[in-house]
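Any read-out appearing in this document is the output of simple, stated calculations on the displayed coordinates, not a laboratory observation. None of the values given here were measured: they were computed from a predicted structure. Neighbour counts are summed over all protein chains in view; Cβ atoms, including those assigned to glycine, are modelled from backbone coordinates with ideal geometry.
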Amino acid sequence: MGGVTRFAGSSGSADAIGIVLIAPVMVGVGLLLTSIGNRVDAVSVSRSAAWAGAQAAVRERSPELAGSAARSAVSTSLAGSSCGEPTVEVDLFEFMPGGRVTVTVDCGGLSGGAFSASSATATIDRFRESESGGR
């Protein structure tokens with residue numbers, strides 16, 4: 001006989017209850033994974049922009065040009081990203097041959113409620129000359 005075999009006392013209502021209970025849990029897991037993905041993306045975007053800014057700054061010969069180059073590089077790096085209005089801080093306290101430049105990028109509130117601030121430090125070549133011609 002080619003029919004559906006049913007067990008005694010079995011009904012299809014248990015399957016419906018299982019779906020009703022499991023579906024919201026699966027949706028919640030999906031939302032959690034999306035949130036984690038947004039956070040990872042925010043960290044990656046701000047870290048990459050900070051690194052680009054620090055590298056641009058150490059190639060310049062004066063603190064004024066270094067600050068401008070860092071901000072420009074961060075702006076270019078963040079173009080098209082989810083980082084709307086970033087806060088960029090450029091630390092030029094050690095701007096001299098052999099010194100360091102630190103750039104901090106804070107993307108504030110990103111899509112998905114993620115927040116991200118990253119810093120990058122680059123070392124200035126100690127054998128290069130400054131804008132004034134000396135070391």
Expressed in nanometres to one decimal, the distance between label points 7 Å along Cα→Cβ at residue 65 and residue 96 is 2.0
In the stretch 20-111, the chymotrypsin sites (Phe, Trp or Tyr not before Pro) that sit in a DSSP loop and have at most 12 other Cβ atoms within 10 Å of their own Cβ are 93
So for the stretch 13-123, using the alpha carbon gyration tensor with a ≥ b ≥ c as root eigenvalues (a/c under 1.5 gives rounded; past that, a/b versus b/c decides prolate or oblate), I'd call it prolate
